[in-house]
Amino acid sequence: MIQSQLDEAREAPGDGRLCQRNDRTGYPNEVEAVAASCPGVMECACVGEPNERTGESVKLFVVKSADVELTEAQVIEYCREVPVACKVPKAVHFVGALPKSTFGKIPRRELRNVGP
């Protein structure tokens, strides 16, 4: 399942909704699908963040489930199950809630300005 998505992502043109790292491309939905399956993650969203060395890196925003101890390292380690490095977040920020539009979608542009 994930392998076919990875093959398609490598050949897709850049359109601003992607994370491009070196010669590889990743869609936010692919990163979010892996991170959302991590125990303790209630909801998540990711954005691409400029990176001088690699071009762009993944910044993941996570809403934790209630009464769960979860660290940035645990989330990153869980996401390393994906065989492509551009799908692994380099930074994880825990937030109380993710912003949503009136349609329930997460506006990723707003997330780019959140956090350090």
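Among residues of region 82-105 that are more than 17 Å from V31 (Cα to Cα), those with a Cβ under 6 angstrom from a residue that is charged (D, E, K, R) and at pLDDT below 90, sequence gap 6+ or separate chain, pair up as P99/E110. Annotation note: of E52, E30, E43, E11, the sole residue that is within 17 Å of E81 (Cβ to Cβ) and either among the acidic types (D, E) or modelled with pLDDT under 85 (or both) is E30. When every residue of region 59-72 is checked against the conditions, none turns out to be at negative phi, among the small types (G, A, S) and touching a helix residue (DSSP H, G or I) at 6+ places or on another chain (Cβ under 9 Å).
In the set L6, L18, which member is aliphatic (A, V, I, L, M), modelled with pLDDT under 65 and farther than 21 Å from E77 by Cβ? Steps first, please.
Numbers: L6 fails: farther than 21 Å from E77 by Cβ.
L18 is the lone residue from the list that is aliphatic (A, V, I, L, M), modelled with pLDDT under 65 and farther than 21 Å from E77 by Cβ.
The values are calculated or read from the model by the stated rules, or taken from the named source; none is laboratory data. Here the structure is a predicted model, which is why all the values come from computation and not from measurement. All Cβ positions, even for glycine, are placed from backbone atoms using ideal geometry, and neighbour counts span all protein chains on display.
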